[in-house]
Amino acid sequence: MSDYKQEINRRRTFAIISHPDAGKTTLTEKFLLYGGAINLAGSVKGKATARHAVSDWMEIEKERGISVTSSVLQFEYGGFCINILDTPGHQDFSEDTYRTLMAADSAVMVIDASKGVEAQTRKLFKVCVMRKIPIFTFINKLDRDANDTFELLDEIEKELGIATCPVNWPIGSGKRFKGVYDRERKCILTYSDTEKGTKEGETTQIPAEDSDKLTEAIGQEAADTLREEIELLDGASAEFDLDLVRSGDLTPVFFGSALTNFGVEFFLQHFLKMTTTPLPRKADTGFIVPDEHDFSAFIFKIQANMNKAHRDRIAFMRICSGKYEASMEVKHVQGGKVMRLSQPQQIMASERKILDEAYAGDIIGVFDPGIFSIGDTLCMPKEQFSYEGIPTFAPEHFARVRQVDTMKRKQFVKGITQIAQEGAIQIFQEFNTGMEEIIVGVVGVLQFDVLKYRLENEYNVEIRLENLPYEHIRWIENKEIDLNRLVGTSDMKKIKDLKGNPLLLFVNAWSVGMTLDRNEGLKLSEFGRD
Ligand code: GDP
């Protein structure tokens, strides 16, 4: 295999999703420890005391000048080059999670063993399932009292609609946590919490069949329970099937304790074996195979003002095929321009490194002078194709935005347009007016807070948000419809998006149906189109 093919095939790119506090950061820190990317665990992100998602975002934004929502980490382990994409934990940012998942080839979901599937996280996981990528589950915090293991698995299957296959099995939890049973090797790995924060120490391996040794290691009661559970498990759980894992229908489940560093390396090793090399991606010309094609990439995220000192805007792209080399000329398909990428960087949690080269599977950030949009394709100058777009979620909350100081009109329009380009909010106008009346739509209400905070802090513009009662948005698909003559319901509002496309807002679903009935031939869609 040529060097460049080898480079691509040793790449593993995945996203980590979890409910806040399940232990995503701790797990990531431990991964990095194995990779030697950092020397001491505890420095991935300066966890502020705040526990609220927005304040977390803002605090860290303030402290570090970088948003935790966009951390991309790369490290080496066992010959693999691993890219981890961090995702925001709060469901109000699930659209952001979806975009990040578009850039990943698999996802790791972290679950707190004492909480199981948490309410807020359901939406995130659904988003993950929607992407149909392999999902690996790490059930964390076994060093604390945990829910019953069978119940935890049952919950995942029922709540998330995905079959589970435990790769290992916990022996007790909390004070009685003794270790895990490795189902493949049929042996137990015993737990000791003396290795906290350092590399996983030598764990003792005891074959489960050796009754005396098993009892000696974990005690009679635990040994009996384990034997019973293994029997039950072997009879009840889904067979391991890598194809089902790859199609996102079966999730391998691992147990451990990120904090005390137990089961983390076990997870990493098995995960790396089961997950995929960079996957082919669908473009309008067919599938592009990563190691058989020249450089191509698509933009999945745009983030402005990541570094206050520079007031910059970064477009994150996932390289889908080939190799990127510094100073190479590439074509921005949607802009129709050939260009050199400006200072391509690898964005680590707190530092940035200028890149000389990168391969399919890698994520790079480039300075964006305002030309890129989410979903845009980059390829070699001689080529012409675009990757499948990233759908926008239909907003579910709407508010009218008013400026407090109307003298700052220019800053206001600039700020709100830029934030909308990042995809954090969607903006609309009253159907018959210009930018003087702006309506903002968001998927999660916390995005309103972020908008307000960012306009004040980054653009020095104070706004008031007046909540609107609408919950349903529909784009009008047939362009020939004369909106002035459309017969709607009394709770309906006519608006347009930034491209001038007409839309309708409704308070309830019933009015949507009513409007369709009253206007023959009207076609409504829940998704915006470019
Ligand atoms: P995140 O919000 O998902 O990134 O969660 P963090 O990694 O920041 O963890 C949240 C809290 O749980 C922190 O106080 C961690 O120290 C703690 N924590 C993480 N993993 C474990 C674990 O395995 N056991 C215990 N007891 N606590 C943990």
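The values are calculated or read from the model by the stated rules, or taken from the named source; none is laboratory data. Only a predicted model underlies this, so the values are computations on that prediction, with no experimental measurement involved. Here the Cβ positions follow ideal geometry from the backbone for every residue, glycine too, while neighbour counts run over all protein chains shown.
Among residues of segment 371-394 that are surrounded by fewer than 19 Cβ atoms within 10 Å (Cβ to Cβ), those with a beta-carbon under 6 Å from a residue that is outside any loop (DSSP other than H, G, I, E, B) at least six positions away or on a different chain give the pairs 381/329; 381/331; 381/338; 385/283; 386/377; 388/282; 394/473. Of 29, 7, 76, all but one fail to be acidic (Asp, Glu), near the ligand (Cβ under 10 Å from one of its atoms) and modelled with pLDDT of 80 or more; the exception is 29. Residue 452 satisfies every condition listed in (1) closer than 19 Å to residue 422 by Cα; (2) of a type outside the set (A, V, I, L, M); (3) modelled with pLDDT under 85 except (3). The residue that is nearest to the ligand (Cβ to nearest atom), among those in segment 109-132 that are of a type in the set (A, V, I, L, M) and touching a helix residue (DSSP H, G or I) at 6+ places or on another chain (Cβ under 7 Å), is 110. Summed over segment 142-182, residues that are more than 16 Å from the ligand (Cβ to nearest atom), in contact (Cβ under 8 Å) with a residue 24 or more places away in the chain and of a type outside the set (Val, Ile, Thr) total 13. Note on segment 252-266: residues that are more than 12 Å from the ligand (Cβ to nearest atom) and modelled with pLDDT of 95 or more amount to 3.
Residues considered: 432, 484, 467. Of these, the only one that is farther than 25 Å from residue 99 by Cα, assigned to a helix (DSSP H, G or I) and not aromatic (Phe, Trp, Tyr) is 484. Of the strands (runs of 3 or more DSSP E) entirely within segment 200-286, those holding at least 2 residues that are surrounded by fewer than 16 Cβ atoms within 10 Å (Cβ to Cβ) occupy 205-207.
In summary, strands (runs of 3 or more DSSP E) completely within segment 332-374 and bearing 2 or more residues that are among the hydrophobic types (A, V, I, L, M, F, W, C), modelled with pLDDT of 85 or more and outside the structural domain of residue 101 (by TED's automatic domain parsing) occur at 337-340, 363-367. Can you tell me which residue within segment 458-487, out of those that are β-branched (Val, Ile, Thr) and in contact (Cβ under 8 Å) with a residue 40 or more places away in the chain, is surrounded by the most Cβ atoms within 10 Å (Cβ to Cβ)? Per the criteria, the residue is 473.
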